[in-house]
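K.L.:
Let me give you the structure first, and then I'll get to my questions.
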Amino acid sequence: MKIALVAAPNFNPLFPQIGKPNVPLGLLCIAAVLEPAGVTCEIIDPNLLAISGRIPPDMRFEEELARQMSLKRYDAAGFSTLANSYHSILEIVQELRKFDEDVPIILGGPQATHTDVATLKAFPEIDAIVRGEGEIVTIDLLKALAGDIPFEDVKGITYRKGNEIVRNADAPLIENLDELPLPAYKLYPVKGMSAVSLDAGRGCPYKCNFCSTCVFWKRKFRQKSPKRIADEMFVLKHAFGVASVDFTHDLFTLDHRHTAKLCSIVRRRKIGLPWRCSTRIDAVDKKLLKTMAAAGCRAVFYGVESGSPRMQAVIGKKFDVSVVKKTILDTADAGMDVVASFIIGFPEETEDDVAKTIEMAMNLLGASHRVTNSQIHLLAITNETELWDKYQNELHYDGIQTDLVGGSLFYEKDPLVMRYPELFPGHYYVKTPNVSRAFLVDLYMFGYSANANLRWSLIYAARKAGGFFPIAKKWHEWSKDNKIELDKKDAPFEIKDGPMLTLMERIVSIARFLKTDPAGMGWRDGAFETIFAHEAKMIVLRTKMVAEGKAENAAKKGDVLEKVSYDHDPAAIVKSILSGGPKKIARKKTVIEYFFAGHGAQGPVIGTRKGKGHDTLGKRRNKVGDRGRRVPSLSRGRVHRKNKRGACRRRA
């Protein structure tokens with residue numbers, strides 16, 4: 001028997017060259033069990049096909065992928081599913097059925113598990129859904145498809161029997177994960193990859209009301225033994241030459257003794273493979289963090305979710321927010337990078353709750369240079385959670401999705417999403433009586449800009465203005481009367497109306513608000529202007545590198561601000577900029593240059609004009625300037641003189 005195992009799409013069709021393939025670990029685990037049973041498996045990764053350009057990631061992507069699959073005449077086709085790309089998987093399935101009327105089509109993974117009956121009712125092309133853990137269930141299902149056992153005997157599936165949909169009893173979870181074979185890494189081009197996922201454990205014993213992890217794994221916490229994890233690390237390094245691993249377990253450090261033992265084995269065997277993990281703020285201590293760092297841990301992801309003590313209780317997270325910053329700093333002091341994640345948009349939130357979350361998230365960005373990202377997400381409703389049970393009949397759609405589920409929704413897929421809200425609740429929102437939806441969306445955009453574009457400009461402005469939330473609120477109010485409308489026809493790439501264009505317009509708006517301080521909040525001084533101009537140049541430089549297919553180099557590009565801490569004096573930040581920074585910025589028109597180029601009397605935030613009479617920010621210079629104070633030039637380290645009108649000329 002020959003089957004295709006198709007990974008869930010997760011690329012941005014506007015910028016496929018930016019992405020990197022994510023190893024489809026779940027499919028490799030299933031393939032490792034199927035192949036010894038005589039099943040030939042082929043892993044098909046739409047992300048890899050799009051990134052490499054083998055299938056153009058345009059509106060015909062699903063059709064072309066299905067056509068190519070049909071030519072190979074598989075005995076069965078299995079699809080992994082996630083909330084963010086479920087619409088794409090369903091379209092591939094529909095197209096595949098047009099090309100091949102007989103191939104059994106099977107879905108698995110979180111989103112299909114949570115919507116099994118509804119999916120089969122809506123899409124007759126699908127024959128069966130594997131619910132939950134797939135290794136053992138898939139073997140039994142293939143036996144049933146071959147006629148060796150009746151479908152009724154296969155636990156953990158929902159299937160079509162004539163015009164009837166049958167939901168068999170749940171399959172038991174695998175008690176001992178060490179009994180599973182090594183994932184079939186040989187079926188995927190992992191050799192030499194910079195990062196590969198490693199299945200270190202499954203399940204979470206907590207019950208946050210927004211999270212489906214505890215539902216999918218039935219709140220049963222399991223881990224592979226320290227020795228087994230170390231063995232897999234050794235194989236990945238020495239047999240496949242990978243540079244690092246990401247442990248996929250959401251709560252890796254819950255058992256301190258288990259984590260410490262793994263660290264001991266890794267050090268004793270001198271495996272030397274860097275690793276990263278995810279956990280809770282209250283599931284580590286200073287001693288454990290130092291132990292992890294010494295054993296090669298390079299980064300920790302913390303799901304903080306809310307900076308409000310009240311909301312911590314409401315959402316079921318239930319840890320003391322007062323320890324968040326200390327734990328983050330302990331992690332950084334141990335030598336590990338940190339990513340913190342927050343969510344806004346819970347129905348019960350007040351403006352005060354949201355303000356506490358924004359302040360905590362943004363302040364963490366300046367707590368240490370090792371806080372590489374402090375994410376702010378809009379709430380995504382997930383099937384079979386407590387929030388779903390309570391609000392499934394109160395979902396609203398406005399075309400703006402959180403990045404948790406919207407990564408692939410820049411296609412024009414809105415009709416499919418709108419037709420089946422029960423299948424795509426993450427693309428919808430629940431009304432928040434105490435905070436407007438428009439303000440929440442702007443706060444999400446604000447957080448995105450702080451992380452991706454204007455971190456130090458915002459940090460400096462917040463120190464002057466008394467916080468991040470007041471700036472965000474003033475910007476939101478100002479932007480109502482100061483609309484930024486970008487003409488997509490002038491963009492140097494094809495762009496469609498919708499979330500992407502909205503995102504870019506809001507980023508431009510934030511930049512202009514920071515540059516001009518129209519509310520008079522008091523952050524504009526020489527130090528701010530220097531920091532802002534530097535970050536503007538870095539955006540252009542990195543974007544050009546990404547556009548040229550050098551995404552990894554762009555991420556590693558030495559930003560002279562990367563090791564500046566929040567407590568540094570502004571003068572030290574300015575000195576750091578002047579002592580380094582890009583020597584030359586190529587003036588080729590790039591995506592970000594287009595989007596940040598403003599129009600009107602205020603002039604552009606980042607200009608695209610070049611030539612005599614214009615400075616690097618696109619502002620018109622006087623041909624002759626009179627004497628005035630000297631200001632630094634970021635482009636070549638020389639000195640300009642600034643005249644009374646604010647124009648600059650190069651010093652002879």
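K.L.:
With every protein chain present, what is the per residue accessible area of region 125-266 (1.4 Å probe, Å²)? Intermediate results must be reported in sequence, preceding the final value.
P.N.:
Numbers: 6130 Å² over 142 residues.
Solvent-accessible surface per residue comes out at 43 Å².
K.L.:
Another question, if that's okay. Under 5 Å between amide H atoms, partner at least 5 residues away or on a different chain: which partners does Asn373 have, H built in plane at 1.01 Å?
P.N.:
Answer set, sorted by chain and number: Val338, Ala340.
K.L.:
Between Lys287 and Lys227, what is the FRET efficiency for a Förster distance of 25 Å, r being their Cβ-Cβ separation, to the nearest 0.05? Mind dumping the intermediate values first?
P.N.:
Working: r = 22 Å, r/R0 = 0.89.
FRET efficiency, Lys287 to Lys227: 0.65.
K.L.:
Considering only protein heavy atoms and a 1.4 Å probe, what is the carbon-and-sulfur percentage of the accessible area of region 178-232?
P.N.:
Carbon and sulfur: 56 percent of the exposed surface of region 178-232.
K.L.:
OK, next. Assuming R0 = 22 Å, can you tell me the calculated FRET efficiency for the pair His256 and Asp333, based on Cβ-Cβ distance, to the nearest 0.05?
P.N.:
Efficiency computed from Cβ-Cβ geometry: 0.75.
K.L.:
Convert 4 °C to kelvin, take the viscosity as 1.567 mPa s, use the Kirkwood radius over C-alpha pairs of region 204-346 as Rh, and evaluate the Stokes-Einstein diffusion coefficient in µm²/s, rounded to a whole number.
P.N.:
81
K.L.:
Quick check: the distance between the Cα centres of region 507-541 and region 45-84, to the nearest angstrom?
P.N.:
43
K.L.:
Calculate one ³J(HN,Hα) per residue across region 388-394 by plugging θ = phi - 60° into the Karplus curve 6.51 cos²θ - 1.76 cosθ + 1.60, and present them in order as whole Hz with x for glycine and proline.
P.N.:
Karplus values, whole Hz, x for Gly and Pro: 5, 4, 7, 10, 4, 9, 10.
K.L.:
Using a probe radius of 1.4 Å on heavy atoms only, what accessible surface per residue do you get for region 284-367? Whole Å² is fine.
P.N.:
33
K.L.:
Also: For every other residue with a beta carbon closer than 15 angstrom to the beta carbon of Glu135, add +1 if it is Lys or Arg and -1 if Asp or Glu, then tell me the sum.
P.N.:
Net charge in that neighbourhood comes out at -2.
K.L.:
Oh, and also: Could you sort 220-227, 86-93, 130-137 so that the peptide with the highest average Cβ count within 10 Å comes first and the rest follow in order?
P.N.:
86-93, 130-137, 220-227
K.L.:
For region 156-287, what's the relative contact order in percent, using C-alpha pairs closer than 8 Å and at least 6 residues apart?
P.N.:
Over region 156-287, the number comes to 23 percent.
K.L.:
Then there's this: Starting from the residue with the highest accessible area, list Glu359, Glu485, Glu62 in decreasing order, probe 1.4 Å.
P.N.:
So, going from the largest accessible area down, we get Glu485, Glu359, Glu62.
K.L.:
Could you give me the radius of gyration and the Dmax of region 270-375, taking only the C-alpha atoms into account and expressing both in angstrom?
P.N.:
14.2, 51
K.L.:
Still on this structure, please answer the following. Compute the Cα gyration tensor for region 333-386, then decide on rounded, prolate or oblate, letting a ≥ b ≥ c be the square roots of its eigenvalues: rounded whenever a/c is under 1.5, prolate when a/b is larger than b/c in the other cases, and oblate in all that remain.
P.N.:
In terms of gyration-tensor shape, oblate.
K.L.:
Right, something else. Shape call for region 177-223 from the C-alpha gyration tensor, a ≥ b ≥ c root eigenvalues: rounded (a/c under 1.5), prolate (a/b greater than b/c) or oblate?
P.N.:
Since a/c reaches 1.5 and a/b is larger than b/c, the shape of region 177-223 is classed as prolate.
K.L.:
Net charge near Phe513: determine it from the other residues with C-beta under 13 Å of the C-beta of Phe513, scoring Lys and Arg +1 and Asp and Glu -1. Please report the intermediate quantities before stating the final value.
P.N.:
Numbers: positive: Lys473, Lys474, Lys480, Lys483, Arg506, Arg512, Lys515, Arg524; negative: Asp442, Glu477, Asp481, Glu505, Asp517.
Taking every other residue near Phe513 into account, the sum is +3.
K.L.:
Here is a follow-up. How far apart, in nm, are the 7 Å Cα→Cβ label points at Asp389 and Glu125?
P.N.:
Calculated label separation equals 3.4 nm.
K.L.:
Just list whichever of Lys218/Lys318; Lys143/Lys207; Lys227/Lys286; Lys121/Lys390; Lys286/Lys390 have alpha carbons separated by over 27 Å in the model shown.
P.N.:
Those over the limit are Lys143/Lys207; Lys286/Lys390.
K.L.:
Using the Karplus curve 6.51 cos²θ - 1.76 cosθ + 1.60 with θ = phi - 60°, work out ³J(HN,Hα) for each residue of region 88-105 in order, rounded to whole Hz, and write x for Gly and Pro.
P.N.:
Calculated HN-Hα couplings, in order: 5, 4, 5, 6, 4, 4, 4, 5, 4, 5, 5, 7, 9, 7, 10, 5, x, 10 Hz.
K.L.:
In region 8-167, carbon and sulfur make up what percent of the accessible area (probe 1.4 Å)?
P.N.:
Summing carbon and sulfur atoms, their accessible area is 50 percent of the total for region 8-167.
K.L.:
For Gly201, enumerate residues with amide H under 5 Å from its amide H, sequence gap 5+ or separate chain, H modeled in the peptide plane.
P.N.:
Distant-sequence amide H within range of Gly201: Lys224, Thr248, His249.
K.L.:
Hey, what does the equivalent ellipsoid look like for region 246-326, semi-axes from the Cα gyration tensor as sqrt of 5 times each eigenvalue, largest first, whole Å?
P.N.:
27, 11, 10
The values are calculated or read from the model by the stated rules, or taken from the named source; none is laboratory data. Not measured: the values here are computed from a predicted model. Virtual Cβ from ideal backbone geometry, glycine too; neighbours counted across all protein chains shown. Protein only, heavy atoms only, side chains kept; ligands, DNA and RNA dropped before computing areas. Shrake-Rupley method; radii C 1.70, N 1.55, O 1.52, S 1.80 Å.
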